[in-house]
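The values are calculated or read from the model by the stated rules, or taken from the named source; none is laboratory data. This one's a predicted model, so the numbers in the text were calculated from it and none came from an experiment. Positions of Cβ are backbone-derived with ideal geometry, glycine not excepted, and every protein chain shown enters the neighbour counts.
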Amino acid sequence: MDPLIDSRLAALGWTQDRETAFAPHAEARLFPARVVGAARDAIRARTPQRDIKVLVQRGFRRGALAGADFPVVGDWLALEPIDHDRAALREVLPRTSRFARGDQFARRAAGGAQEQVIATNIDTVVIVAALTHELNLRRLERYLALAWASGAAPVVLLNKADLCADLPARILEVRSVSGDAPVLTSSAVQGAGLESLAAYLQPGRTVVLLGSSGVGKSTITNALLGDQRQLVRGVRDDDSRGRHTTTARELFELPGGGLLIDTPGMRSLELSDSDEGLDMAFADIETYAAECRFRDCAHEMEPGCAVRAAIVAGHLTQDRLEARRKLERELGIVAQASDVAARRANARSWGKISREASDAAARKRGER
């Protein structure tokens, strides 16, 4: 740890780079804090001394271009003190990584592409899946694409290993789509396997747990905390689907010094506007595609298609190729919506400039 950095801030993930970038804010008598809890408009941030309530005032709201600009769990903020327990938000500091998904409801309301930021400034995304009933590989591919796009490194954690009849076979299934992401197993209720997360939960490092309801994220959080901080409920007996237990995102400081963000289960998992994560999540297809005879090969009936050859040889499945195509189509729709939103925003901006110029000219003529 850099001796110039406050040790308590460093424990929250503060770095020398952040310290240097914050210098102008410090000169303006602002102070840094990290968001540890966010539910609707209730934002709680942590300083070296205490947790404080963050007030998002009208000036910040007017300047925010989109909902993604508002503070979420993991964000570092520049704050102006109000009193002992409250501070006003002046700026959300630059994010080193962010996990975000497409937000269809916001997109419909705004008439363009929108996304929901789940957590920021994370080092590792742990995608938790339960080894009960049918493991959804297609959903796991979505998580991996979003995780790679976030700027953080993904890890797959297969929980409830104690309930799996053929663990080696399930691990092979997952490794067929996980690419470079490590695949770990655990039984959180038995406290087994969670020691494998220790390599990622180092002091000052941040891990976010993501996954559907009922996969055991809250149980994992409690086990790592050594305390029953998160409510835990069982899954439904008829279909083993989980009930929502965690209702808000929260950042915890672990006894060993790591930082853990627990999140509610996500039913909707739309892609955002980055195709880089898609390439990483389907790196096996990308590798074969690089050997195709034609650079624009659609992997249909073209001669010399290495992807089709890999499918015939059993090295790749048709389902995986179709999954890639489906997500590509989804990204195309998102990109089109982003372009529409950008044009509308640009038109509004020029309209505002034009109106202001007309008003200024009218005032000038009146003065004459």
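All conditions but one from (1) of a type outside the set (Val, Ile, Thr); (2) in a loop (DSSP other than H, G, I, E, B); (3) touching a His at 6+ places or on another chain (Cβ under 8 Å) apply to residue 304; the one that does not is (3). Hey, does segment 69-90 have a residue that's modelled with pLDDT under 90 and under 18 Å from residue 269 (Cβ atoms)? No. Cβ-Cβ distances below 6 Å connect the following pairs, each with a first residue in segment 237-261 that is in a loop (DSSP other than H, G, I, E, B), a second residue that is at pLDDT below 90 and of a type in the set (Ser, Thr, Tyr), and a separation of six or more residues or different chains: 240/132; 242/213; 244/213.
Suppose the filter is assigned to a helix (DSSP H, G or I), at pLDDT 75 or above and outside the structural domain of residue 176 (by TED's automatic domain parsing); does residue 295 pass it? Taking the combined requirement at face value, the residue does not satisfy it. Taking the criterion of being over 21 Å from residue 52 (Cβ atoms), at pLDDT 95 or above and not in a strand (DSSP E or B), the residues of segment 97-126 that qualify are 97, 122, 123.
Could you go through segment 133-145 and let me know if any residue there is within 30 Å of residue 70 (Cα to Cα), out of contact with any Ser or Thr (no Cβ under 6 Å at 6 or more places or on another chain), surrounded by 24 or more Cβ atoms within 10 Å (Cβ to Cβ) and hydrophobic (A, V, I, L, M, F, W, C). Yes: segment 133-145 contains one or more residues that are within 30 Å of residue 70 (Cα to Cα), out of contact with any Ser or Thr (no Cβ under 6 Å at 6 or more places or on another chain), surrounded by 24 or more Cβ atoms within 10 Å (Cβ to Cβ) and hydrophobic (A, V, I, L, M, F, W, C).
When segment 160-192 is filtered for residues that are of a type outside the set (A, V, I, L, M, F, W, C) and within 28 Å of residue 277 (Cα to Cα), the ones remaining, listed by number, are 160, 168, 170, 173, 175, 176, 178, 179, 180, 182, 185, 186. Scanning segment 218-236 for residues that are assigned to a loop (DSSP other than H, G, I, E, B) and either charged (D, E, K, R) or modelled with pLDDT of 90 or more (or both) yields 227, 229, 233, 236.
Checking the structure you have, find out if any residue of segment 177-184 is surrounded by fewer than 19 Cβ atoms within 10 Å (Cβ to Cβ), more than 18 Å from the chain's Cα centre (by Cα) and assigned to a helix (DSSP H, G or I). Within segment 177-184, not a single residue is surrounded by fewer than 19 Cβ atoms within 10 Å (Cβ to Cβ), more than 18 Å from the chain's Cα centre (by Cα) and assigned to a helix (DSSP H, G or I).
Is there a residue being touching a Lys or Arg at 6+ places or on another chain (Cβ under 9 Å), outside the structural domain of residue 123 (by TED's automatic domain parsing) and at positive phi anywhere in segment 64-79? So far as segment 64-79 goes, yes, one or more of its residues are touching a Lys or Arg at 6+ places or on another chain (Cβ under 9 Å), outside the structural domain of residue 123 (by TED's automatic domain parsing) and at positive phi. Counted as qualifying within segment 1-72 are the strands (runs of 3 or more DSSP E) with 1 or more residues that are in contact with a helix residue (DSSP H, G or I) (Cβ under 8 Å, 6 or more places away or on another chain), namely 31-39.
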